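Following: one structure in structure tokens, then a few remarks.
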Amino acid sequence: MADIDWHGGGPDGAFAQARASGQPLFLYWGASWCPPCNRVKATIFSRLDFIELAQSFVALHIDGDSPGAQQMAERFNVRSYPTLIVFRPDGTEVTRLPCELDGRRFVKMLRLALGARFTAAQSLSVALSRERALSDDEWRLLSFYSWDTDERQILKKLDFA
């Protein structure tokens, strides 16, 4: 993680920087004691292609054990470690990425999310309504959406009964 310029001024400063620069924001919610978090740091964040890609977004790490972190958890609707979220520069959530992907695939999906025309929520809504055909990239983002860290973000209005 040392090779990545993680924003140190908290989420408000990071989102302000994203807005001002026009860059997306990548949020990593984790904890130092968390085994999956440590795997992500070792196998994804240390990759040269991830480090190079990090130049194109504002990187924000929130340690879930830091003071005030649980209030931030409510703000971003996160509960589990790690949670990896891509936001547009205006703060709109694009997608949540699964930590289980191998490094190469994770970087590929992150790159796709950073340039996504539609959010995962928009694509899911269109897929369910069938108002238009989804692009291959929209299906890819939905296929690799982190449903287990969704916290009913894009499923909240759907009744599966």
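Can you tell me how many residues in region 103-133 are on the phi < 0 side of the Ramachandran plot and open to solvent by 50 Å² or more (accessible area, probe 1.4 Å)? Outline the logic, then answer.
As a first pass, look at region 103-133 and keep what is on the phi < 0 side of the Ramachandran plot: 103-129, 131-133.
Keeping just the survivors that are open to solvent by 50 Å² or more (accessible area, probe 1.4 Å) gives 104-105, 108, 111, 115, 117-118, 122, 125, 128-129, 131-133.
Residues flagged as on the phi < 0 side of the Ramachandran plot and open to solvent by 50 Å² or more (accessible area, probe 1.4 Å) within region 103-133 amount to 14.
Determine whether region 80-93 contains at least one residue that is open to solvent by 40 Å² or more (accessible area, probe 1.4 Å), within 26 Å of residue 22 (Cα to Cα), in contact (Cβ under 8 Å) with a residue 24 or more places away in the chain and hydroxyl-bearing (Ser, Thr, Tyr).
Yes; the residues of region 80-93 include at least one that is open to solvent by 40 Å² or more (accessible area, probe 1.4 Å), within 26 Å of residue 22 (Cα to Cα), in contact (Cβ under 8 Å) with a residue 24 or more places away in the chain and hydroxyl-bearing (Ser, Thr, Tyr).
For a quick check of your reading of the model, give me the residue pairs whose first member lies in region 105-119 and is within 13 Å of residue 85 (Cα to Cα), whose second is of a type in the set (S, T, N, Q) and surrounded by fewer than 21 Cβ atoms within 10 Å (Cβ to Cβ), with beta-carbon atoms closer than 8 Å and at least 6 apart or on different chains.
These pairs meet every condition: 114/56; 119/92.
For the subset of region 12-42 comprising residues that are outside any helix (DSSP H, G or I), of a type in the set (A, V, I, L, M, F, W, C) and over 19 Å from residue 148 (Cα atoms), which member is most open to solvent (accessible area, probe 1.4 Å)?
The selected residue is 33.
Is it the case that region 60-76 has a residue that's of a type in the set (Gly, Ala, Ser), open to solvent by less than 60 Å² (accessible area, probe 1.4 Å) and within 13 Å of the chain's Cα centre (by Cα)?
Checked region 60-76: no residue is of a type in the set (Gly, Ala, Ser), open to solvent by less than 60 Å² (accessible area, probe 1.4 Å) and within 13 Å of the chain's Cα centre (by Cα).
Please pick out the residue among 50, 45 that is buried (at least 16 other Cβ atoms within 10 Å of the Cβ), out of contact with any strand residue (DSSP E or B) (no Cβ under 7 Å at 6 or more places or on another chain), modelled with pLDDT of 95 or more and not in a helix (DSSP H, G or I).
From the options 50, 45, the qualifying one is 45.
Restricting the search to region 53-103, which residues are part of a loop (DSSP other than H, G, I, E, B), closer than 16 Å to residue 8 by Cα and at pLDDT below 95?
Correct list: 64, 65, 66, 67, 68.
The values are calculated or read from the model by the stated rules, or taken from the named source; none is laboratory data. Quantities reported herein were computed from a predicted structural model and do not represent experimental measurements. Note that we place each Cβ from the backbone using ideal geometry, even for glycine, and neighbour counts take in every protein chain shown. Keep in mind that these areas ignore ligands, DNA and RNA; they rest on the heavy atoms of the full protein, side chains included. Shrake-Rupley method; radii C 1.70, N 1.55, O 1.52, S 1.80 Å.
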